[in-house]
Amino acid sequence: MGLVSNLQPSSGYQGSDFVYRFAIKLQERTRAARTIIPRAIFQEGYPFRLRLPDGPIQLPADGEVQTDVEVTIPSTGIRDDTRLDLYRLDLAFSDQGSELEADALTLETAIPLPGRSRPHVLIDANDIQRMNQWSVSAAWAAAHRNAILQAADSWPAAYIKNYHLTEAALPPEGGQWSMWYICPQHSVSLRYEGPARNVCPIDGKNYSGWPYDQVIYSRMHDYLAGIARDLGWPIG
């Protein structure tokens, strides 16, 4: 039986350094008190500072304890040429006196983007300028940029047309999984023909109400989230 029952990561700047903290819960499932030894395994040249628990972890029978691991990225390692570089380390837990691993997990840490004052968004004016430059020099970037502009220009006409609406209205409620959008008789995808019209392409039978209508609501929510993003790019 494994030991790790939960992992809660957090991260943020601490002064000019960037710190990852991992709160790890260990659960004893063998009804016997145990002394657990944590051990970090990483490649040579791992560039971050690592802080493990001080000494062995005492795990009571049928009990649970939290142990904390901290990974610090020093400010000297946070540079433009290292941004988002990803490093992994394995954290193994063994019973004291045993060479066998009782459990293990992998912790991933990346060199962060520059810190920004709050409130902030994912990108800023410099990112917009950089992407516009890409669209001039790279065909793939130009294609993506044009697709975003076309999507923005299509709002709200495309939304109204695709979902057979009379106006750009929000879905009336939350959605449901797309896997529900199947004809229960023929096991084929239904065809959307308008509100409360979810038609089997084989026999023409309509399936309305929950969960079929809610699948369409989910698609509408996804579309609206995407178009909100696309409308923001041209403004930026």
*In nm, to one decimal, how far is the modelled label at Gln150 from the one at Gln8, with both set 7 Å along Cα→Cβ?*
4.7 nm
*Largest first and in whole Å, give the semi-axes of the range 103-212's equivalent ellipsoid, each being the square root of 5 times a Cα gyration tensor eigenvalue.*
40, 24, 16
_How large is the translational diffusion coefficient of the range 1-159 in µm² per second when you combine the Kirkwood radius over alpha carbon pairs with Stokes-Einstein at 25 °C and 0.890 mPa s?_
127 µm²/s
*3J(HN,Hα) from dihedral phi, the range 151-160, Karplus parametrisation 6.51/-1.76/1.60, rounded to Hz, x for glycine, proline*: 5, 5, 5, 7, 7, x, 4, 5, 4, 4
_Using a Förster distance of 45 Å, the FRET efficiency for Leu86-Arg191 (Cβ separation, nearest 0.05)_ = 0.55
*May I ask for the net charge around Ser94, where only other residues with Cβ less than 15 Å from the Cβ of Ser94 are counted and Lys, Arg are +1 while Asp, Glu are -1?*
-4
*Neighbour-limited loop hits for trypsin sites (Lys or Arg not before Pro), the range 14-48 (at most 10 other Cβ within 10 Å; DSSP other than H, G, I, E, B)*: Arg31
*asked:* Just to be sure I follow the definition: excluding the sites themselves, where is the longest run in the chain that has none of the GluC sites (Glu not before Pro) in a DSSP loop with at most 16 other Cβ atoms within 10 Å?
replied: 100-166
_14 Å beta-carbon shell around Ala32, net charge (K/R +1, D/E -1)_ = 0
*Could you work out the local net charge near Ala61, counting Lys and Arg as +1, Asp and Glu as -1, over the other residues with Cβ closer than 9 Å to its Cβ?*
0
_Sort Trp134, Trp180 by Cβ crowding within 10 Å, fewest neighbours at the top._
Trp134, Trp180
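Read-outs: derived from the displayed coordinates by stated rules, not from any lab. Keep in mind it's a predicted model, so treat the numbers as computed, not measured. Note: ideal-geometry Cβ built from the backbone for every residue, glycine included; neighbour counts use all protein chains shown.
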